[in-house]
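*Asks:* Quick one: the structure is below, and I'll ask about it shortly.
The values are calculated or read from the model by the stated rules, or taken from the named source; none is laboratory data. The shown structure was predicted, so the numbers you read here are calculated from the model rather than taken from an experiment. All Cβ positions, even for glycine, are placed from backbone atoms using ideal geometry, and neighbour counts span all protein chains on display. The accessibility values were calculated without ligands, DNA or RNA, using every heavy atom of the protein model including side chains. Shrake-Rupley method; radii C 1.70, N 1.55, O 1.52, S 1.80 Å.
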2 protein chains.
Amino acid sequence: MRLTDLAHQSGEWLRGVGADSDIVISTRIRLARNVAGYPFVARLKPADQADLSQRLCESIVDDAVVPECHYFDLKVASDIERRLLVERHLISKEHEEAQGDRGVAIRLNEAVSIMVNEEDHLRIQVLHSGFELAETWRATNEVDTGLARRVPYAFSERLGYLTACPTNVGTGMRASVMLHLPALELAKQIEKVFHAVAKINLIVRGLYGEGTQASGNLYQISNQISLGKTEEEILQEIQGIIPEIVENERRARHFLLERNRQQIEDRVWRAYGMLCHARIISSGETIALLSHLRLGVHLGILSELDIAAVNQLFVRTLPAHLQVLEGRELDPQVRDVARAAYIRKCLAQGRHTGDQ
Amino acid sequence: MRLTDLAHQSGEWLRGVGADSDIVISTRIRLARNVAGYPFVARLKPADQADLSQRLCESIVDDAVVPECHYFDLKVASDIERRLLVERHLISKEHEEAQGDRGVAIRLNEAVSIMVNEEDHLRIQVLHSGFELAETWRATNEVDTGLARRVPYAFSERLGYLTACPTNVGTGMRASVMLHLPALELAKQIEKVFHAVAKINLIVRGLYGEGTQASGNLYQISNQISLGKTEEEILQEIQGIIPEIVENERRARHFLLERNRQQIEDRVWRAYGMLCHARIISSGETIALLSHLRLGVHLGILSELDIAAVNQLFVRTLPAHLQVLEGRELDPQVRDVARAAYIRKCLAQGRHTGDQ
């Protein structure tokens, strides 16, 4: 399997299935782990880092801790390949931009990815479509347990799992849920959500993690604290608040349909019209318009459009994806033209009968 | 014939034919005339105004000065009917809003309309599609000569035709050409046109005459002075400048296609996408988008769309037209929804194969 093959497949978080998938895009859990006997990555000598990368790759792939798993060496990957992995949420921006010997192991269905020698020696990530905290945690635990049998983790009885950054010490866990909240945003109630979330020490971030802006009305909610609580306690906090937000978004959508049906239909159909006809379109405008399309599908306005196709467009129209799908490097202006053509093609294929 | 039947027919100036009709929408000449022995309208007693209206109606219609001609009594016409006539450029806003006994005679094909007891007793207007100054003048002259045989005009050897407002004294003529200049506007060269026009005492106005804003990149160019020049001299001035403006617009369009083809295609297709999909749309936005559509048709971008259909939408989406076509009064919000539906229907009927 080549890394660029990823661009052509659907990926777990894009499937648009799972509980509450009209609002919850995906559930993600990541664990930070380090290997006993090695310094943290920042202090690792290049030769040792290469050894460790090799050793971890073997433990993950060769010993089949994760089935159907491929390891990609990021030191030799191209810029576009590394960007592609970021766009698919399989590696972090930091891992993309780092220099040393490092890699990522990816399960074919993209439900599991393990970054090797990112900030920590191991960053295990499990990602499922929809609101699936229990199943995601079960799968994460399975990978973690399997790895722990082959790799001696750096662990302290007092602190828990030791990590390069103190904010991850303890469980080393960050659980996050990605939500699509267009109706709450339209109703200007999104700030209320943030306040409720902040009260219980969870944080809200944009589509691409820390420091990124929310675009396309997509928000990630995750725990801020990994120390002093068990994994189950952290998960319970998230499990407690998400249904409330989902319920609020659902109510806001019903309200929009009842009180402002024409306005919301207008917004959805205009977004559809733009995406079907634009000849030049930026990535940012695309995400904003796709957000309206997604809402339209779930409100039954664009009922014959396939939600998985819409979800896929969110990712496939991003710069690296577009270049891989086109099979060549494209400067930003050419990319905006190629993006518009690609969207038109996809929407024409997924076109429903209710066009007018 | 009922007045509201007009909304269903095409009208001369909407035909999109005649010389340079890719840029020149229409050519119009109007003559202000008054009947000797009567005070001007502003000083006419109601009973005399009623008599004069009756007399002029008979001269125009019954004596067949204008063939296939209908007379509409505006004192009994409804608000929507009077507005409809303004939207079709068959009467002035002042004539719409006046109170006294007054009317308009309209030739079935709408090439001729004669306002009775507007500011002057008679306002003869002839309107042809495209840049057709000679033919329009010939037809105007014919109506004027025919009427002069039946009605004694107020005329002074020294001043020429006497009119209520001194700005019309002399020839009583205003000749105007309506131009669609989207490329010059995009290229920010429209001010240059205004300056060139102002130098030779012509003036530029918007779609609905004096004091109205240009919308949809539509401009009327007409003579400011009616005194001290013959009709032929006035026409020659206009005949001299229009081809120059047409040539500039044509050059600007070619330049756009050569240097900014993708940008202009994007703009045209986005306008098309909006018009095909919006569920709520104002009259102002409609005109702006139709302007891009019209440009797109003439640039061959929307090559299979019928230009007459696009031209018709300019008028049929205006408030009174829409209400007549819908057969009921609509408040502005409902109108914006009905307008969007009407546009979608028309464009679906005129849909070309090159949609994607």
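*Asks:* Specify which of the listed residues (B:Leu84, B:Leu74) is under 13 Å from B:Leu3 (Cβ atoms), in contact with a Gly (Cβ under 8 Å, 6 or more places away or on another chain) and among the hydrophobic types (A, V, I, L, M, F, W, C).
*Replies:* One residue alone meets the criteria, B:Leu74.
*Asks:* Would the stretch B:161-181 turn up any residue that is assigned to a helix (DSSP H, G or I), in contact with a Lys or Arg (Cβ under 8 Å, 6 or more places away or on another chain) and either open to solvent by less than 60 Å² (accessible area, probe 1.4 Å) or farther than 27 Å from B:Leu14 by Cβ (or both)?
*Replies:* Yes - at least one qualifying residue is present in the stretch B:161-181.
*Asks:* Taking interchain pairs and intrachain pairs at least six residues apart, which have beta carbon atoms under 6 angstrom, with the first residue in the stretch A:161-176 and more than 13 Å from A:Ile225 (Cβ to Cβ) and the second of a type in the set (Ser, Thr, Tyr) and open to solvent by less than 20 Å² (accessible area, probe 1.4 Å)?
*Replies:* Filtered contacts from the stretch A:161-176: A:Ser176/A:Ser222.
*Asks:* Among the candidates A:Glu265, A:Glu231, which residue alone is within 14 Å of another protein chain (Cβ to nearest Cβ), out of contact with any Asp or Glu (no Cβ under 8 Å at 6 or more places or on another chain) and open to solvent by less than 70 Å² (accessible area, probe 1.4 Å)?
*Replies:* Step by step, each of A:Glu265, A:Glu231 is checked, and only A:Glu265 is within 14 Å of another protein chain (Cβ to nearest Cβ), out of contact with any Asp or Glu (no Cβ under 8 Å at 6 or more places or on another chain) and open to solvent by less than 70 Å² (accessible area, probe 1.4 Å).
*Asks:* On the given criteria, is A:Ala154 in contact (Cβ under 8 Å) with a residue 12 or more places away in the chain, in the same structural domain as A:Leu74 (by TED's automatic domain parsing), touching a helix residue (DSSP H, G or I) at 6+ places or on another chain (Cβ under 6 Å) and surrounded by 15 or more Cβ atoms within 10 Å (Cβ to Cβ)?
*Replies:* The answer is no for A:Ala154.
*Asks:* If you check B:Glu58 against the conditions, is it free of Cβ contacts under 8 Å to residues at least 12 places away in the same chain and not aliphatic (A, V, I, L, M)?
*Replies:* yes
*Asks:* Right, another one. Scan the stretch B:95-108 and report the pairs whose first residue is small (Gly, Ala, Ser) and whose second residue is open to solvent by 30 Å² or more (accessible area, probe 1.4 Å), with Cβ atoms within less than 6 Å and a gap of 6+ or a chain change.
*Replies:* Filtered contacts from the stretch B:95-108: B:Gly103/B:Tyr71; B:Gly103/B:Asp73; B:Ala105/B:Val61; B:Ala105/B:Tyr71.
*Asks:* Residues in the stretch A:66-83: is at least one among the small types (Gly, Ala, Ser) and closer than 26 Å to A:Gln239 by Cβ?
*Replies:* no
*Asks:* On to the next question. Return the residues of the stretch A:133-147 that are of a type outside the set (Val, Ile, Thr), closer than 17 Å to A:Val65 by Cβ and exposed (fewer than 14 other Cβ atoms within 10 Å of the Cβ); say none if nothing qualifies.
*Replies:* If the condition is that a residue be of a type outside the set (Val, Ile, Thr), closer than 17 Å to A:Val65 by Cβ and exposed (fewer than 14 other Cβ atoms within 10 Å of the Cβ), then A:Arg138 is the only one that fits.
*Asks:* Would you call A:Leu330 outside the structural domain of A:Gly18 (by TED's automatic domain parsing), over 30 Å from A:Arg251 (Cα atoms), in contact with a Leu (Cβ under 9 Å, 6 or more places away or on another chain) and without any contact (Cβ under 8 Å) to a residue 12 or more places away in the chain?
*Replies:* It is true that A:Leu330 is outside the structural domain of A:Gly18 (by TED's automatic domain parsing), over 30 Å from A:Arg251 (Cα atoms), in contact with a Leu (Cβ under 9 Å, 6 or more places away or on another chain) and without any contact (Cβ under 8 Å) to a residue 12 or more places away in the chain.
*Asks:* Continuing with this model, one more query. Which residue, of A:Gly300, A:Gly296, is buried (at least 21 other Cβ atoms within 10 Å of the Cβ), closer than 26 Å to B:Arg339 by Cα and not aromatic (Phe, Trp, Tyr)?
*Replies:* So the residue among A:Gly300, A:Gly296 that is buried (at least 21 other Cβ atoms within 10 Å of the Cβ), closer than 26 Å to B:Arg339 by Cα and not aromatic (Phe, Trp, Tyr) is A:Gly296.
*Asks:* Hey, among A:Arg205, A:Arg253, which residue is modelled with pLDDT of 95 or more and open to solvent by less than 70 Å² (accessible area, probe 1.4 Å)?
*Replies:* Criteria check complete, one pass: A:Arg253.
Let's see how each residue does on (1) closer than 24 Å to A:Tyr153 by Cβ; (2) in a helix (DSSP H, G or I); (3) open to solvent by less than 10 Å² (accessible area, probe 1.4 Å):
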position: A:Leu31; (1), (2), (3): yes, no, yes
position: A:Ile60; (1), (2), (3): yes, yes, yes
position: A:Leu84; (1), (2), (3): no, yes, yes
position: A:His89; (1), (2), (3): no, no, no
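*Asks:* Still on this structure: Can you name every residue in the stretch B:270-328 that is assigned to a loop (DSSP other than H, G, I, E, B), more than 14 Å from every other protein chain (Cβ to nearest Cβ) and within 22 Å of B:Leu84 (Cα to Cα)?
*Replies:* B:Thr317, B:Leu318, B:Gly327, B:Arg328
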